[in-house]
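What follows is one structure encoded as structure tokens, with my remarks underneath.
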Ligand SMILES: [Zn+2]
């Protein structure tokens, strides 16, 4: 009587494993997506810095142009002023503006060097990030395929399990389902190992051992899982029915 139930359990445990993969795989995929976002942000931050330096360079250059226009105007005025104080004041302004221009020109040189190294860094980082993103894309495709596989496999096993359940005695099926629901995961029908229940790893009552060896269906007096004696069933049927601890 247990033989059909063991068949069913074998399918149920495989369904359980598929479901576990169906929850684990999306978690892995979310990790990949987070990595992808971090890389994209990193690249974006570097590009923004580059644009910022470029902008400052352009501003400095247009500032220099304006100051040079102003300088030419002052220099032209030198020929027209009559009073000495005005002349001195203009000279002072000219001196001032020349200093400002020199200062800005220095800054432009700094910015040009920074742009140069920043461009080089950006190129290297873009290559590195691009290749990491490609790798992530491949990994995402892989996990998508794994998920699809687990889903298809589970659906196929569920159909098989529904058929297998029809062959199991109604009361026994009910008991089995109740134990499975209580234990949440793992096997509900477990082999006796020597005198120990392989579901809970406790010694079971000697009377139970005799009954189980005689082929009767008995529950472990500790954990309530149904027990069977391995020698009563062929290995193929009994395989994969050891409960997880
Ligand atoms: Zn037990």
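What are the residues in segment 225-244 that are at pLDDT below 95 and within 11 Å of the ligand (Cβ to nearest atom), if any? Of everything in segment 225-244, just one residue is at pLDDT below 95 and within 11 Å of the ligand (Cβ to nearest atom), namely 243. Picking from residues in segment 215-224 that are in a loop (DSSP other than H, G, I, E, B) and either modelled with pLDDT under 90 or touching a helix residue (DSSP H, G or I) at 6+ places or on another chain (Cβ under 7 Å) (or both), the one that is farthest from the ligand (Cβ to nearest atom) is 215. Restricting attention to segment 17-71, the residues being under 15 Å from the mean Cα position of the chain (by Cα), in contact (Cβ under 8 Å) with a residue 12 or more places away in the chain and over 18 Å from residue 128 (Cα atoms) number 6. There is at least one residue in segment 175-185 that is farther than 30 Å from residue 73 by Cα, more than 16 Å from the ligand (Cβ to nearest atom) and assigned to a helix (DSSP H, G or I). Looking only at residues in segment 162-174 that are under 24 Å from residue 20 (Cα atoms) and in contact (Cβ under 8 Å) with a residue 60 or more places away in the chain, which one is nearest to the ligand (Cβ to nearest atom)? Looking at the filtered set, the residue picked out is 173. Pairing residues of segment 179-196 that are within 16 Å of residue 221 (Cα to Cα) with residues that are away from the ligand (no atom under 11 Å from the Cβ) and in a strand (DSSP E or B), at Cβ distances under 6 Å and at least 6 apart in sequence or on separate chains, gives 191/228. Considering 212, 190, the condition of being within 16 Å of the ligand (Cβ to nearest atom) and part of a helix (DSSP H, G or I) is satisfied by 212 alone.
For residue 205, the conditions (1) in contact (Cβ under 8 Å) with a residue 24 or more places away in the chain; (2) within 16 Å of the ligand (Cβ to nearest atom); (3) more than 30 Å from residue 31 (Cα to Cα) all hold with the exception of (1).
The values are calculated or read from the model by the stated rules, or taken from the named source; none is laboratory data. Because the structure is predicted, anything quoted here is derived from the model rather than measured. Because the Cβ atoms are built from the backbone with ideal geometry, glycine has one as well, and the counts that use them run over all protein chains shown.
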